[in-house]
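Data block below; observations after.
Bear in mind that the values in this text are calculations on the coordinates, not laboratory data. Computed from a predicted model, the values in this text were never measured in an experiment. As a convention, Cβ positions derive from the backbone with ideal geometry for all residues, glycine included, and neighbour counts pool all protein chains shown.
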Amino acid sequence: MECKEYTGYIGNAGYGLDYNPETKKTISAHRLSFKLHYGYLPKIVMHICNNKTCINPLHLKDGTQSENILQSYKDGLQINPRRICSKELVLLIYNSKISTRKLAKQYGISQGTVQRIKQGLTYREWTGHGGSCGV
Ligand SMILES: [Zn+2]
């Protein structure tokens with residue numbers, strides 16, 4: 001099925017922003033779409049189509065599992081930091097205005113990893129850094 005582009009307001013992070021009547025706060029359009037379709041809202045909603053503005057619920061998936069992996073990494077398990085970077089996290093870091101040091105601390109990954117994501121040296125296929133989308 002085709003992507004369903006969100007036609008409303010697009011926020012700084014590149015995601016559509018919508019109003020959540022339940023919490024009376026703004027919510028990412030794709031998260032709201034996921035909730036309306038599946039009846040629950042996971043902490044992380046991922047796009048399987050790599051299209052930030054897509055709100056087709058069939059293109060969205062519960063990304064909580066990647067967060068679990070991240071959590072086990074934080075808990076001290078030996079997992080290669082390169083592999084714990086979920087797409088959602090990479091995009092979050094890439095679009096974030098928070099300092100590299102804070103981001104690294106917040107997500108339990110090295111400053112080098114954060115820097116490489118921000119500079120578009122890694123995960124360029126997800127961030128679309130430099131305008132070239134490698135997918
Ligand atoms: Zn899509």
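Brief remarks on what is shown
- If you wrap the tightest convex hull around every Cα atom of the stretch 81-127 and split its volume per residue, you get 60 Å³.
- Nearby lysines by direct alpha-carbon distance to Lys52 (threshold 19 angstrom, same-chain neighbours under 8 apart not counted): Lys4, Lys35, Lys43, Lys61, Lys87, Lys97, Lys118
- Count Lys and Arg as plus one, Asp and Glu as minus one, and take only other residues whose Cβ is under 11 Å from that of Trp126; the net charge is then +1.
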